[in-house]
Amino acid sequence: MTTYALFAFNGEAMCFMHVLLNALDMKARGADVKVILEGSATKLVPDLYAEGSPLSGLWKKCLEAGLVEGVCDACSAKMGTKAAAQEHNLPLLGEMSGHPSIAAYRAAGCEVMTF
């Protein structure tokens, strides 16, 4: 079975919503999926938990399905959301100078998709 690593770089809520929708759809079709928040997408962390946010319901489903791999350590620090990620026990990923390594996911056999 192929594992898909969905790297979300774009911080636009509508774009990220499609990352979440696709992750859930792929999982429902039997795929192994990992969602990684990178770049400006890390600024969305507080909104993912905000009551009434259009992203919160999908985010909760992805968390419950075990699809969330983590959040970029360096970018969440730069975007001011590292504390929020830590508060919600989201893994901080930073094996490549503070960022998650696409090469490491490729070496592990993942098909990488970027958004």
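Derivation of every value follows stated rules applied to the coordinates shown; laboratory data play no part. In this text, all values refer to a predicted model and were calculated from it rather than measured experimentally. Reconstructed Cβ throughout: ideal geometry from the backbone, glycine too, with neighbour counts over all protein chains shown.
The range 78-115 and the range 1-72 have their alpha-carbon centroids 12 Å apart. In a DSSP loop and with at most 12 other Cβ atoms within 10 Å, the trypsin sites (Lys or Arg not before Pro) in the range 1-92 are R29. Taking a ≥ b ≥ c as the square roots of the eigenvalues of the alpha-carbon gyration tensor, the chain is classed oblate because a/c is 1.5 or more while a/b is no larger than b/c.
In a fully extended conformation the segment linking M1 and A13 would gain 1.3 nm over its present Cα-Cα distance, using 0.36 nm per residue.
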